[in-house]
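Before any comments, here is the structure.
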Amino acid sequence: MPNTYDLSSTRTPVATAVQTNKVLRNTYMLLAMTLLFSAAAAGVSMAMAVPYGASLISSLIALALLWFVLPRTANSAAGIGVVFAVTGLLGFGLGPVLNHYLSLANGPQIVMLSLGITGAAFTGLSGYALVTRKDFSFMRSFLMIGILVAFIAGIVSLIAALVGYPMPALALTVSAMFALLMCGLILWQTSEIVNGGETNYVLATVTLYVSIYNLFTSLLHLLGAFMGERE
C-alpha cells in the first residue's frame, strides 16, 4: 500500500518508475481477482434466481460501501476487503439482469457480444495508454461532469418507468452516454497510473472495475434494444 507521507521531492526517476510499475502490477492483479469473484457471485445469484428486488438492495449496499467506506479504508489492508465486498455485491446484483437476457431467444448472443466488446475496449484502451504513456488528466473534469449528468438522467428515466411513463429513448441515451464515459474513464485511470497520478492500487482497481461493470451493463441494454430483445 502507498506510504501516507509525501516523498515526491526525494524520489528519483528510477524509484518513481519502480513505484509506478508496482501500482500497475498490483492494480491488474487485484482487478483480475475481483472480476473472477464478481463473476462467481453473479453465477450464484443466477443459480438462486434472485429477484430484482434483492438485486437492487445488493447494488445499493455496494454503492454505500463504495461512497462512504472505501475512501476511509483505501490506505489500509481493510480496503482490499471492502473492494471484494463491493465487487461481490455488484456481481450478485447482476445475476437477475443476466438471467433476463439469457432467457431471450437471442440472449446468449447479446451477452457474449457485450462481454466481447467490453473486453476488447478495455484491452485496447488500456494498451493504448500503457504504450503511448500520454497524459489524459485533462479528461478528469469532463468525465466527472458527464457521469453526473448521465447519473441524473438515469434516475429520471428510472422514476419515469416506475410511475408508468417509461422513456425508452432517454434510457438508451443514458446507456450510450455511460458506455462512452466508461471508455474515457478506463483511458484516464490507466494514464493516471502510468504517469504517477494514482499511487493507490485499491482506488485504481475500483475505478477500473466500475468502468468495466458499467460498460458491460450499458452494452447489454443497447445491444438488447438494437438486436430486438426477442423472446
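Return Tyr165, Tyr101 ranked ascending by Cβ neighbour count within 10 Å, so the fewest neighbours appear first.
Tyr165, Tyr101
With +1 on each Lys and Arg Cβ and -1 on each Asp and Glu Cβ, how big is the dipole of the chain about its Cα centre, in debye rounded to the nearest 20?
Using Cβ point charges on Lys, Arg, Asp and Glu, the chain gives about 360 debye.
Fewest Cβ neighbours within 10 Å first, please rank Arg25, Arg140 accordingly.
Arg25, Arg140
Once you keep just the Cα pairs under 8 angstrom separated by 6 or more residues, what percentage relative contact order results for the chain?
Computed over the chain, the figure is 29 percent.
What are the ³J(HN,Hα) couplings of segment 27-34, residue after residue, when phi is run through the Karplus curve with 6.51, -1.76, 1.60 and θ = phi - 60°? Round to Hz, x for glycine and proline.
Along segment 27-34, the couplings run 4, 5, 5, 5, 4, 4, 5, 6 Hz.
How tilted is helix 107-132 with respect to the longest principal axis of the chain? Cα atoms for both, answer in degrees (0 to 90, nearest 10).
Tilt relative to the chain: about 20 degrees.
For segment 58-131, count all C-alpha to C-alpha pairs, find those more than 20 Å apart, and express that count as a whole percent of the total. Spell out each step's value before the answer.
On the way: 1470 of 2701 pairs.
Result for the distance tail: 54 percent.
Arrange the following residues from fewest to most other Cβ atoms within 10 Å of their Cβ: Leu63, Leu104.
Lowest to highest Cβ neighbour count: Leu63, Leu104.
Give me the distance between the Cα centres of segment 14-91 and segment 106-138, rounded to whole Å.
19
Every number here is computed from the coordinates shown, using simple stated rules; none is lab data. Quick caveat: nothing in here was measured; it's all calculated off a predicted structure. Glycine gets a Cβ as well: all are built from the backbone with ideal geometry, and neighbour counts include every protein chain shown.
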